[in-house]
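Here the structure is laid out as structure tokens; the discussion comes afterwards.
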Amino acid sequence: MCGIFGFATSAGAGPDIDRLRRIALVTQTRGMHAFGLAWIDRQGDLQAFKRPGPAQRFLDELERVRGAVMVIGHCRYATHGSPLDNRNNHPHAAGAGLLVHNGVVQNDHDLVRRYGLQRRGECDSETLGLLLARCPGGLAQRSVWMASQIAGDFAVLGLWRRPARMLIARRGRPLCWGQSRAGYYFASLPEGLPGRPTEFSDHSTRVLAYETGR
């Protein structure tokens with residue numbers, strides 16, 4: 001069991017950092033072994049931070065994303081690979097993007113052998129990023145193909161740049177969203193989300209895009 005959260009701007013404003021802190025602390029209840037972030041800043045650059053330990057230890061790191069147009073975060077409950085090896089922590093590379101994942105890839109070893117995937121660590125979630133990078137086509141198309149390959153429920157948030165894009169995909173694992181004036185917030189649990197939190201549609205994939213500077 002892990003927890004994921006995120007933010008996508010609707011008009012260029014960055015996230016409410018106090019709200020993001022609250023969401024991170026709620027999400028921490030689903031995993032305290034490691035904490036990670038990825039974000040796209042106003043210049044369109046994709047950046048990341050991840051460390052072993054609970055979210056509460058790294059709340060000040062959220063200042064990094066104050067001006068971000070898109071953010072994803074992860075609170076890890078380690079099932080595959082020690083969190084002390086930062087290669088096992090989220091976010092994981094997905095070609096030119098980064099992703100966070102809640103779930104267990106039950107056929108992980110089979111996928112690594114079948115496609116000759118070269119993992120850097122031991123975390124099964126890394127396999128999702130490698131599959132996304134392997135498949136041609138648009139981001140939504142690649143996500144649907146990835147989902148068809150893996151056994152097990154999941155929720156995924158991912159970021160790609162130029163233009164800034166967020167992948168949102170869910171099958172079975174919890175994922176909710178809420179809307180504020182600044183944009184959309186996402187999290188495994190509804191507490192802390194703005195407005196009237198709604199469960200993201202199950203068995204679905206969405207891609208949100210934002211053209212930096214517009």
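Each listed q (0.10, 0.16, 0.20, 0.22 Å⁻¹) maps to a log10 I(q)/I(0) for segment 120-214, found by the Debye formula over equal Cα scatterers with no solvent: -0.30, -0.74, -1.07, -1.20. Taking θ as phi - 60° and the Karplus parameters 6.51, -1.76 and 1.60, the scalar couplings of segment 194-206 work out to x, x, 10, x, 10, 6, 5, 4, 6, 6, 9, 9, 9 Hz in sequence order, x denoting glycine and proline.
Can you tell me the length gained on complete extension of the stretch residue 43 to residue 181, counting 0.36 nm per residue apart and subtracting the Cα distance?
Details: separation 138, 0.36 × 138 = 49.68 nm, distance 2.16 nm.
Gain on stretching residue 43 to residue 181: 47.5 nm.
A simple spin-label model places the labels of residue 120 and residue 191 3.4 nm from each other, with each point 7 Å out along Cα-to-Cβ. Express in whole angstrom the spacing between the alpha-carbon centres of segment 1-37 and segment 103-143. Answer, in whole Å: 24.
Tell me the carbon and sulfur percent of the accessible area for segment 33-107, rounded to whole percent, probe radius 1.4 Å.
On the way: 1300 of 2860 Å².
Exposed carbon and sulfur together represent 45 percent of the surface.
Which angle between 0 and 90 degrees, to the nearest 10, do you get for helix 17-28 versus the longest principal axis of the chain when only C-alpha atoms count? Approximately 40 degrees, to the nearest 10.
Net length available on complete extension from residue 199 to residue 22 is 61.9 nm, with 0.36 nm assigned per residue and the Cα-Cα distance removed.
Translational diffusion of segment 4-62 was estimated from the Stokes-Einstein equation, with Rh taken as the Kirkwood radius over Cα pairs; at 20 °C and 1.002 mPa s the coefficient is 175 µm²/s. Relative to the longest principal axis of the Cα atoms of the chain, helix 139-149 runs at roughly 40 degrees. Between residue 80 and residue 63, the distance separating the two model label sites (each 7 Å from Cα on the Cα→Cβ line) works out to 3.7 nm.
Evaluated at q = 0.10, 0.13, 0.14 Å⁻¹, a Debye calculation over the C-alpha positions of the chain (equal weights, vacuum) places log10 I(q)/I(0) at -0.36, -0.63, -0.74.
Between residue 56 and residue 209, the modelled labels are 4.2 nm apart [label points 7 Å from Cα along Cα→Cβ].
Can you give the Rg to Rh ratio of segment 116-173, both from alpha-carbon atoms, with Rh computed by the Kirkwood formula? Provide the component values of the computation, followed by the final result.
Working: Rg = 11.5 Å, Rh = 12.2 Å.
Using Cα coordinates only, the ratio equals 0.95.
The values are calculated or read from the model by the stated rules, or taken from the named source; none is laboratory data. Because the structure is predicted, anything quoted here is derived from the model rather than measured. When we count neighbours, we look across all protein chains shown, and the Cβ atoms used for this are built from the backbone with ideal geometry, even at glycine. For the accessible areas, the whole protein counts, side chains as well, though only heavy atoms, and no ligand, DNA or RNA atoms are used. Shrake-Rupley method; radii C 1.70, N 1.55, O 1.52, S 1.80 Å.
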